[in-house]
């Protein structure tokens, strides 16, 4: 379990670092860059080895914007590069500086001249909603499932996404019902809030790390073992609910199919401070969700 947790932790840290960035090759060197302006002339940038680096992209060509220093004087090569890139519709470089704000203003001006419909004013957030249903099986490792029985589950997901800046992130309300059987008479309803980090994201496939951070569970069982004063064991009925804040991790994937997404998840793989009762986690769900 510790190894699984370490792997999941590594995935979180690694993919938070590359969120909202893409990889480009410039003069044989590979860089991970952020897009500041997306247009006929695009502005890319990032902090590389503690230094701000800026790049201009036109068609498929990427040019680094440089300002080297020679004999105590800055050469301002970036101005010549910008003049060449905007030669079809010149914009004066007299007042442009090699800063993100100045370059953004300059490139926006050029893009508006060549394309009157150009706008770099993107909404800061655009919420989307998805609703889905699922079915699966679980061995409910965080309960006393001494015979490691597999129990059927059904439920629903309500997912909130941002389609602009937070495309790799989602918040999910999951409602899940677990049904007992003759061997393990355990029934439970759980409502949980989950955060998903989509560390692989393509047009058709998302693969995500799921973190369940808070839940309410109401459960009942008719075979709860109670030790009597004479050390005999009596099976009794018990029921109750509890509200828990925790970190329980799982993995999942969404595959675009038709007007929605087929999704699969491997749930409750490992939980911080949770007792798995030495059972290997078996908790799988398969379902389908629609955009609302």
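None of the figures in this text is laboratory data; all of them are computed from the coordinates on show. On a predicted model such as this, the values are computed, not experimentally measured, just so you know. Cβ: placed from backbone, ideal geometry, glycine included. Neighbour counts: every protein chain shown.
Mean separation of Cα pairs under 8 Å and 6 or more residues apart, divided by the residue count, gives the chain a relative contact order of 13 percent. Estimated from helices alone, the mean residue ellipticity of the chain at 222 nm is -4500 deg cm²/dmol (sum of -39500 (n - 2.57) over DSSP H runs with n ≥ 4, per residue).
The gain in end-to-end length when the residue 75 to residue 88 segment is fully stretched comes to 2.3 nm, 0.36 nm per residue minus the alpha carbon separation.
Computed extension gain for residue 213 through residue 165, at 0.36 nm per residue and net of the alpha carbon distance, reaches 15.0 nm.
A crude spin-label estimate for the pair residue 101 and residue 146, with each label 7 Å from Cα along the Cβ direction, gives 7.0 nm.
Note on region 117-162: the alpha carbon radius of gyration divided by the globular reference 2.2 N^0.38 Å gives 2.15. Full extension of the chain between residue 233 and residue 23 gives 69.4 nm of extra length, using 0.36 nm per residue less the Cα-Cα distance. Semi-axes of the equivalent ellipsoid for the chain, computed as √(5λ) from the eigenvalues of its C-alpha gyration tensor and ordered from largest down, come to 55, 20, 14 Å. Contact order, relative form, for region 20-114: 20 percent (alpha carbon pairs under 8 Å, 6 or more residues apart, mean separation divided by residue count).
Based on the alpha-carbon gyration tensor of region 20-114 and its eigenvalue square roots a ≥ b ≥ c, which shape applies: rounded if a/c is under 1.5, prolate if not and a/b is larger than b/c, or oblate? It comes out oblate by the Cα gyration axes. May I ask for the angle, rounded to the nearest 10°, between helix 2-18 and the longest principal axis of the chain, with both axes built from Cα atoms and the value confined to 0 to 90°? The answer is roughly 30 degrees.
Highest-first packing order for the peptide set 184-196, 266-278, 235-247 is 184-196, 266-278, 235-247, based on the mean count of other beta carbon atoms within 10 Å.
Taking Cα atoms only, the orientation of helix 100-114 departs from the longest principal axis of the chain by about 70 degrees.
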